[in-house]
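The values are calculated or read from the model by the stated rules, or taken from the named source; none is laboratory data. Nothing here was measured: the structure is a model prediction, and the numbers come from that model. All Cβ positions, even for glycine, are placed from backbone atoms using ideal geometry, and neighbour counts span all protein chains on display. Just so you know, the surface numbers come from the protein's heavy atoms only, side chains and all, with ligands and any DNA or RNA stripped out. Shrake-Rupley method; radii C 1.70, N 1.55, O 1.52, S 1.80 Å.
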Amino acid sequence: GDEGCVHCPINSRTTSEGATNCVCRNGYYRADADPLDMPCTTIPSAPQAVISSVNETSLMLEWSPPRDA
């Protein structure tokens, strides 16, 4: 077409030269409702530094965010 080429969003690639959209790389995903120019993401790693505290009536969990969010 008349439009210039643009780079694929992060973690995606084209399947052929001149493709009209980019597909997510293996292990990365985009929701069906996400626009095609949105980067692909993957599931985060496990939470870090998980600490549990138990008393007679409750359990409290604390953790740090995942390394790969």
Using 1/(1 + (r/R0)^6) with R0 = 35 angstrom and r between the beta carbons of Ile43 and Ser16, what's the FRET efficiency to the nearest 0.05?
0.80
Enter the accessible area per residue of the chain (Å², integer; probe 1.4 Å; all protein chains in place).
89 Å²
Toy charge model, Lys and Arg Cβ at +1, Asp and Glu Cβ at -1: the chain dipole around Cα centroid in debye, rounded to 20, equals 260 debye
Taking the simple approach of a point 7 Å from Cα along Cα-to-Cβ for both Arg25 and Ile51, what is their distance in nm?
3.6 nm
In Å and from the alpha-carbon atoms only, list the Rg and Dmax of region 1-63.
20.4, 70
Whenever you get a sec, compute what percent of the accessible area on the chain sits on carbon and sulfur atoms (1.4 Å probe).
53 percent
Hey, what do the phi angles of region 15-24 turn into as Karplus ³J(HN,Hα) couplings, whole Hz, using 6.51/-1.76/1.60 and θ = phi - 60°, x for Gly and Pro?
8, 7, 5, x, 5, 8, 8, 10, 9, 5
Sites Asp32 and Trp63, calculated FRET efficiency, Cβ-Cβ separation with R0 30 Å, nearest 0.05:
0.50
Could you pull out every residue, at least 5 positions away or on a different chain, whose amide H is within less than 5 Å of the one on Ser12? Hs are placed 1.01 Å off N in the peptide plane, and Pro or chain starts have none.
Arg25, Cys40
